[in-house]
Every structure is written in structure tokens, then in C-alpha cells.
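Visitor: Got a structure for you, questions after.
The values are calculated or read from the model by the stated rules, or taken from the named source; none is laboratory data. The structure displayed is predicted, hence computed values, not measured ones. Here the Cβ is made from the backbone with ideal geometry for all residues, glycine too, and neighbour counts use every protein chain on show.
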Amino acid sequence: MSTERALPESAPYPYVLLSAAVSLDGCLDDTGPERLLLSGPADFDRVDAVRASADALLVGAGTLRADNPRLLVASAERRADRLARGMPEYPLKVTVTGTGDLDPGARFWHTGGDKLVYTTDRGAAKAVRLIGGAADVVALGPELDWRALLGHLRAERGVRRLMVEGGAAVHTQLLQQGLADELHLAVAPLIVGDPAAPRLFGPGRYQEGRLRLVESRRIEDVVLMRYEPTAPGAGPVPTAADRHWLRTACELAALCPPSETAFSVGAVVVAADGTELARGHSREGADPVVHAEEAALAKTGPADPRLPGATVYSSLEPCARRASRPAPCAELILRAGVRRVVTAWREPDTFVVAADGTGVLTGAGAEVLVLPEYEALAKAPNRHLPGRSGAPS
């Protein structure tokens, strides 16, 4: 069962799903002339169903050259269902090339629906010359920029769900840059044993911590494992995990008992390795005035060595001033040693004029990220505040 949550309408990127099949020793293929089939009919059908759920399918140009895939939805029933839902019969097919070196005879160009090529400024002319009108060609600049690519797919092509099917370099780059929301890994009972065989992920720096296993399922003799990255970002650029945790905080706000004199807010404290340390929400338990960040931090040990590297996710900007307690939440966060906060919504003047928790935090050296695509979700539990800026805009 999928655990994917709805993408906000204003999300800057699609939901990015990485999909691959590997041997027990992590190989995508062997070094023989024929493609190594790692899974069987039942898993191929599962992949077909995932393709049918996607708005776009992406592979790197190296995979086009090595495997010559058609990248289609094979099931006529699934294609008919897409049409009934107002979607194109086939997902948009996307490939990425730095050089523009594309094979015009590849099956990719001659099957399915619309095609799109992302390339560099220097690769664009070559790509157009080789494939002509078989696909739209978009130059991303002097280098391939994955954030620019994903932003273009979302803003210009309306892609909400992107399935990435390879190759190794593409999977590696998306995971290393914190842009993958989910990983589907089908593990086959084969051992390739060849050091020259291609591996799923290449060397380099990845985010800390363990990915969270959200599903494991046997499909004939293959095991499907679904993972979500959970380690927070480490700087001012948000990652897929940051979006996951902020959405969790916004959903926690819906648990708050309604109040006419305070916002409904949710908060989660997450260690650098992706371990959830604590969560809380406004007016939690028997405390009618507790704030979300306060409730969450109270559940952590004050000497926990993970706090200085942790991130606090709060649906509303942490408060800078309050009457109900001596210390506002921004101060509690700083006292705990946390130096990174991700929030969905800056505090309006509903109860405190010119509230500026962000200013308190950044003035003390903390980093604050605001992800406005989750603002409507953060505001939703505050609709009960009549005629006030807590109501969704």
C-alpha cells in the first residue's frame, strides 16, 4: 500500500520516485551483450502499474544507449484508465543528456506519446540535429541542473509524479542532492560477481542516516522494498525529507483542540540521521497553553547530543513572544542547541503584532527555511479563527 501523500498544488517540484531492480550484490546488469533480466512477469506488471500512475517517466541517455527501452505502459486497461481520468494515454517520456549524443533510431522516440530532452547549452544543438522534431529539447544552461529540470517539469509541463528508471548516474545524483522522495528497489536472487558490472549507486557523499523502510513485499522470487529518505537537509536548500517532515508537522496541527485565542500548530524534532526525536502539538495532553515546539522539546533529553545537529519542523513560525510562559518557543529551540528550523507559515499579527520568531532565531545564528507550498495546509486547522489571518488565504 502506498504511503505517498498528496503533493501541494504550489509544490515547486514533482514527487520523485526512483525505481530499479538489482542483484543481491547490487548490480543493475552484468557485462554481457544481452540485458540481464533481474525480475519476472509479476514484477514487470508491478512496474507497469507504477508507470501508469506517473505523469512522466525519466531515464538517462546512457540507459537509452545501453538498453534501448520503449518506456511504455503496456497494459491497454491501464492506458484506458488514464484516458478516463483525463490523462494522456502514455506518460511524458523524458531523457537527460549533457552532450546531446542521442540515437535517432532508438525505440524511445518512435513509441508512446510526448517526449522531452533536457540537456546543456552546448548539447542542445546536437540533440536537435540528431532527433529533429521527435522531442522537445530544453537547454538548462552550461551544466545539467536537476533542480532547474524538476522545476521546469512541474511549472511548464504540469508533472506532479515523476518515475525515474535509471541509470545509475541519474539515481545517484538525485539521491545525493536530496531530491528523491521515494525509492522502489526490486532485489533479485542473483549474484553477478563481476567488479566491472554497473552498480545502482555510485561513490560520493550522501545524506546521513538510514532510509526508512515503508514496505517490503515478495513478488514471485523477487523482493520489493520501498524506502523514504528521512535525513534532514544540512543547509538553506530544502530536501525531499524536509518536505516530508514539514508535512508531518502540518498534519499534527490537525490534532490540536480548537482555541479562539491561540493557533493550532504541530512540530517534529528530527536528528541529522533522520531519527525522529519527538513530536508535539499545541494544547497537547492536559496542558491548555503548551505550544507545539515546547511540547516536542519537552520529550527530548536536554543533554541529548543529537539536538545541536537536529532540525525542528513547525507548521507555524516559532513564537518570539508569549504571555502564557516565561520563554517563547524560539528561545526554547535555541536553549536546546538546535540551529535549523523549517516552517510553513510566518506568524501573522492575529495575536501578537510584528511577531518575528525567525528574526530571533537567525539573530542567534540559527538557519530558518520557510516552505510556502505548505502554508495552506498549516492554515487549515486554524479556520476556526473567525475573521482573522489564521484563515487560509
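Visitor: Restricting to the range 312-359, name every residue that is out of contact with any strand residue (DSSP E or B) (no Cβ under 6 Å at 6 or more places or on another chain) and outside any loop (DSSP other than H, G, I, E, B).
Guide: Answer for the range 312-359, where residues must be out of contact with any strand residue (DSSP E or B) (no Cβ under 6 Å at 6 or more places or on another chain) and outside any loop (DSSP other than H, G, I, E, B): Cys329, Ala330, Glu331, Leu332, Leu334, Arg335, Gly357, Gly359.
Visitor: Which residue out of Arg306, Arg325 is among the charged types (D, E, K, R) and over 23 Å from Asp273 (Cβ atoms)?
Guide: Unique residue meeting the criteria: Arg325.
Visitor: So, Arg129, is that one without any contact (Cβ under 8 Å) to a residue 40 or more places away in the chain and either outside the structural domain of Leu57 (by TED's automatic domain parsing) or surrounded by fewer than 19 Cβ atoms within 10 Å (Cβ to Cβ) (or both) or not?
Guide: Yes: the conditions hold for Arg129.
Visitor: Right, next: If you scan the range 98-121, which residues turn out to be over 22 Å from Leu72 (Cβ atoms), surrounded by fewer than 17 Cβ atoms within 10 Å (Cβ to Cβ) and touching a residue at least 24 places away in the same chain (Cβ under 8 Å)?
Guide: Gly98, Thr99, Asp101
Visitor: Right, next: If I ask for residues that are buried (at least 17 other Cβ atoms within 10 Å of the Cβ), of a type in the set (Val, Ile, Thr) and under 29 Å from the mean Cα position of the chain (by Cα), which ones from the range 186-218 would you list?
Guide: Val187 - this is the single residue of the range 186-218 that is buried (at least 17 other Cβ atoms within 10 Å of the Cβ), of a type in the set (Val, Ile, Thr) and under 29 Å from the mean Cα position of the chain (by Cα).
Visitor: Then there is this: Restricting to the range 161-218, name every residue that is in contact with a strand residue (DSSP E or B) (Cβ under 8 Å, 6 or more places away or on another chain), of a type in the set (Lys, Arg) and either touching a residue at least 12 places away in the same chain (Cβ under 8 Å) or assigned to a loop (DSSP other than H, G, I, E, B) (or both).
Guide: Across the range 161-218, the qualifying residues are Arg161, Arg199, Arg212.
Visitor: Moving on. Of all strands (runs of 3 or more DSSP E) completely enclosed by the range 35-147, which ones contain at least 3 residues that are over 26 Å from Thr172 (Cβ atoms), among the basic types (Lys, Arg) and at pLDDT below 95?
Guide: By residue number, no strands (runs of 3 or more DSSP E) qualify.
Visitor: Identify, please: which residue in the range 244-274 is among the β-branched types (Val, Ile, Thr) and within 18 Å of Ile333 (Cα to Cα) and is, among those, surrounded by the most Cβ atoms within 10 Å (Cβ to Cβ)?
Guide: Looking at the filtered set, the residue picked out is Val265.
Visitor: Are any residues in the range 96-134 within 16 Å of Pro69 (Cα to Cα) and among the small types (Gly, Ala, Ser), and if so, which ones?
Guide: Passing the criteria: Gly105, Ala106, Gly112, Gly113, Ala134.
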